[in-house]
Amino acid sequence: MSYYYKYNFVSPEPVYSLVKEELKSYFDTGAVDDLLFPTYLNKCLQKLGRSSYIIVEETLDVADFETRLPDNFYAVREAWMCSEIPQLPYQSANSFYSQAASVSTIQVAPLTVGGEPCNSPTCYNPHCSGDCMPELIQAVYKTNNQVARSIRKEYLLKPGNISVKQHCEVSYAEGWNNHSSPGSSAIDSFDIRDNKFVTNFRNGTVHLIFYATEYDNIGNQMIPDNYRIREFVEAFIKYKVFETLTNQTNDETFNQLQQKLAYYKQLHDEAFIMADIEIKKQDAWTKQRRIKNDLNRFNMYELPNRTNRYGRRRNN
């Protein structure tokens, strides 16, 4: 079972607006623009590592040793080989309640048809066709969905170098194409190439946990909703803006721009250190699991004590 912390991801547009507002004199004169802001943001996320990308789970159906990867795929975190289990689907806990359809929308109480009351003794609703319905009971339908339970995770696949059938030019032992792909480093390995997930088994199901790139409605790559990470992105963009200004002609002297560049470079370095520390922090559940692992690390070397305990001591 995999454990990981998932950030909430937000659009970087507020960070872009803050930089342009604080350095508005340079942007208003046209000395710099925001054309390279997405590139700077991508550099920030790559510098922080894969922990700054969203984690997504997907089920892949392998056919002929390969399957297509999702469009937002960035890197693999875990790839689980799954096997089929012959069990019936289970019913979901959520229910959907709906009313019977009629000429128009029907309310449960008070009952109306076409916006007029229809369950009173003196009914003059033209939608009733002259028949009053004082004792009408509205039917409500309850719907429960079923979730298929046909696969389960068995073991982790290992990254390896696989030579798939269409890239092979030599003959192999008879029956290799029924079991595994030739050239694989292990019997349970996988490979990533040409936006495809390549395995050494012909058909099967893989539960893939991967790092993905997400974008907002206007095409900006989303960033983790973390204060230290946002501060690092802002400081890095300001540093790159003044680096651009030092490489072109403007009203300020070179020494003035060099001092500002050194100042924002220092802010950028400090912000990166704080952001790097932030993404390496452990949440409460991770600390709890690691404490248990440390306590149980040397359990196999415990000698039985007949006075106060019997057999192996467990600290969980």
Take the residues in the range 247-277 that are of a type in the set (G, A, S) and under 26 Å from G49 (Cβ atoms); name whichever of them is surrounded by the fewest Cβ atoms within 10 Å (Cβ to Cβ). A271
Kindly list, by first and then second residue, each pair from a residue in the range 248-263 that is assigned by TED's automatic domain parsing to the domain that holds F27 and under 15 Å from L23 (Cα atoms) to a residue that is assigned to a loop (DSSP other than H, G, I, E, B) and of a type in the set (G, A, S), limited to pairs with Cβ atoms under 7 Å and residues at least 6 apart or on different chains. N250/A31
Do you know which residues across the range 28-52 are among the basic types (K, R) and at pLDDT below 85? R50
Condition test on V76, is it touching a residue at least 24 places away in the same chain (Cβ under 8 Å), crowded, with 16+ Cβ neighbours inside 10 Å and outside the structural domain of V198 (by TED's automatic domain parsing)? no
The conditions are (1) surrounded by 14 or more Cβ atoms within 10 Å (Cβ to Cβ); (2) at pLDDT 75 or above; (3) assigned by TED's automatic domain parsing to the domain that holds Y74, and I162 fails exactly one of them. Which is it? (2)
If you go through the range 272-303, how many residues are in a loop (DSSP other than H, G, I, E, B) and farther than 30 Å from K43 by Cα? 5
Among the residues of the range 189-224, what is the count of those that are more than 30 Å from P14 (Cα to Cα) and assigned to a strand (DSSP E or B)? 14
Need a quick list: helices (runs of 4 or more DSSP H) entirely within the range 1-63 having at least 1 residues that are acidic (D, E) and buried (at least 17 other Cβ atoms within 10 Å of the Cβ). none
Test result for T244, surrounded by 12 or more Cβ atoms within 10 Å (Cβ to Cβ), farther than 30 Å from T59 by Cβ and modelled with pLDDT under 90: yes
Going through F9, F65 one at a time, which residue ends up being farther than 25 Å from Y215 by Cα and touching a residue at least 24 places away in the same chain (Cβ under 8 Å)? F65
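The values are calculated or read from the model by the stated rules, or taken from the named source; none is laboratory data. Small disclaimer: the values here were computed from a predicted structure and weren't measured. Glycine also receives a Cβ, built like all others from the backbone with ideal geometry; neighbour counts cover every protein chain displayed.
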